[in-house]
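For reference, the structure discussed in these notes is given below.
The values are calculated or read from the model by the stated rules, or taken from the named source; none is laboratory data. Here the structure is a predicted model, which means the values were calculated and not measured. Heads up, the Cβs are rebuilt from the backbone with ideal geometry, glycines too, and the neighbour counts pull from every protein chain shown. Note: areas computed on protein heavy atoms with side chains; ligands, DNA, RNA excluded. Shrake-Rupley method; radii C 1.70, N 1.55, O 1.52, S 1.80 Å.
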Amino acid sequence: MKLIGSYPNTRLRRNRKTEWSRHLVSENSLSSNDLIWPIFLTDGKNQKNQISTMPGVYRYSIDKIEKVVEKALKLKLPLLALFPHTQIVKKDKDGSEALNENNLVCKALKLIKKKFKSDIGIMCDVALDPYTSHGHDGLLKKGYVQNDETVEILVKQALLLAEMGCDVIAPSDMMDGRIGKIRKALDKNNFKLVQILSYAVKYASNFYGPFRDAIGSKKSLKSDKKNYQMNFLNQKEALREVALDINEGADFVIVKPGMPYLDIIKLLSDTFKIPVFAYQVSGEYSLINNGIKKKIISEKAIEESLMSFKRAGASAIVTYFADYIAQRLR
Ligand code: PBG
């Protein structure tokens, strides 16, 4: 870009002088339409349990879910993401609870879709980690997560979720080829309009700790996820992941984590004509939240962080701040 104009004819501070002028020239905006709110589920009745590593985020029992959805509707949040905290006794090495039509996610789905129909969207992770005794997203053999065997189970999990009324199937497992297999199975079973949000670019990150705590997989997980999640040194590989998933039928893709990966969001949104979402993950949430609580930073930092995703080109953001920020934006 060639610069046109120079000081003193040009003073960029003129446009920044008043609030109305700053509004007039602002290049991006944030609204509740852009926010996806993750909700954690737990067994029992009348439960709203604080997650110790994520102050301000709770696990809700199924009987509390109606209230949560009503709040989301009031705040005009378009999409909720459901995550289960599974009791240890229900976990096994194959993650078979994932295919139980009475598991927490299925129960919540049935209830929400019966009461709220399509007034709000519901998205669900496809991956086995909340259900496996070893905490990995797929089947583990000799310390290696098996690809094709895992995909077969993921297809079944996706079909079950679609049957229960899930609007957006979100494979977060990082197995190769699962988007195509899931799309094919959904189409064959008359779920042609169920959307797929691919966690196409998910890095083996150190920012997921509090989430693993929230779903109860932290203690079970003995090793890292580097043989399936992406190496965070890589950018070109992200282009390959997304290109493949577009060909396989993804409706949108997500980059995860968020703030340390703004370069990836920007690259993808400049390269592809597909909506790119950002996931501001649990570790990012806890860091920002802690800074605010200790009065190290202002709570306005939350909006700043979310707007940075918009500026990078994200069309929506999964964030644990969704309810709080939607309230502030009203
Ligand atoms: C697992 C999954 C993870 C997150 C969402 N789905 C964690 C992981 O891969 O270990 C992390 C979300 C967060 O940290 O907020 N399939």
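Looking at 200, 238, 250, 185, just one residue is away from the ligand (no atom under 13 Å from the Cβ), open to solvent by less than 40 Å² (accessible area, probe 1.4 Å) and part of a loop (DSSP other than H, G, I, E, B), and that residue is 250. Within the option set 48, 76, being open to solvent by 30 Å² or more (accessible area, probe 1.4 Å) and either among the aliphatic types (A, V, I, L, M) or without any contact (Cβ under 8 Å) to a residue 24 or more places away in the chain (or both) holds for one residue only, 48.
With the structure loaded, tell me whether residue 182 is among the β-branched types (Val, Ile, Thr), touching a strand residue (DSSP E or B) at 6+ places or on another chain (Cβ under 6 Å) and modelled with pLDDT of 95 or more or whether it fails that test. Criteria not met by residue 182. Just to be sure, is residue 230 under 17 Å from the mean Cα position of the chain (by Cα), open to solvent by 70 Å² or more (accessible area, probe 1.4 Å) and touching a residue at least 24 places away in the same chain (Cβ under 8 Å)? Judged against the criteria, residue 230 is not a match.
Candidates 176, 129, 119: the one that is outside any helix (DSSP H, G or I) and in contact with a Ser or Thr (Cβ under 7 Å, 6 or more places away or on another chain) is 129. The set of residues in the range 15-30 that are open to solvent by less than 70 Å² (accessible area, probe 1.4 Å) and either assigned to a helix (DSSP H, G or I) or of a type in the set (Lys, Arg) (or both) contains only 21. Report, by residue number, each residue of the range 32-45 that is among the hydroxyl-bearing types (Ser, Thr, Tyr) and crowded, with 21+ Cβ neighbours inside 10 Å. Listed by number, the list holds a single entry, 42. Counting only strands (runs of 3 or more DSSP E) that sit completely within the range 31-95, those holding 2 or more residues that are over 16 Å from the mean Cα position of the chain (by Cα) and of a type in the set (S, T, N, Q) correspond to 48-50.
Within the range 109-133, the set of residues being away from the ligand (no atom under 12 Å from the Cβ) and either within 21 Å of residue 216 (Cα to Cα) or touching a Lys or Arg at 6+ places or on another chain (Cβ under 8 Å) (or both) comprises 109, 122, 133. Taking the conditions (1) out of contact with any Leu (no Cβ under 8 Å at 6 or more places or on another chain); (2) open to solvent by 20 Å² or more (accessible area, probe 1.4 Å) in turn, residue 264 satisfies each one other than (2).
Could you say whether any residue in the range 156-171 is buried (at least 20 other Cβ atoms within 10 Å of the Cβ), within 11 Å of the ligand (Cβ to nearest atom) and of a type outside the set (A, V, I, L, M)? Yes, that holds for at least one residue. For the range 138-150, the count of residues that are of a type in the set (A, V, I, L, M, F, W, C) and open to solvent by 20 Å² or more (accessible area, probe 1.4 Å) is nonzero. With respect to residue 191, determine if the residue is free of Cβ contacts under 8 Å to residues at least 40 places away in the same chain and either in contact with a helix residue (DSSP H, G or I) (Cβ under 9 Å, 6 or more places away or on another chain) or open to solvent by 40 Å² or more (accessible area, probe 1.4 Å) (or both). Answer is yes for this residue. Of the residues contained in the range 16-32, none is found to be closer than 23 Å to residue 82 by Cα, at pLDDT 95 or above and within 16 Å of the ligand (Cβ to nearest atom). Only residues that are more than 16 Å from the ligand (Cβ to nearest atom) and surrounded by 16 or more Cβ atoms within 10 Å (Cβ to Cβ) were counted in the range 273-291, giving 3.
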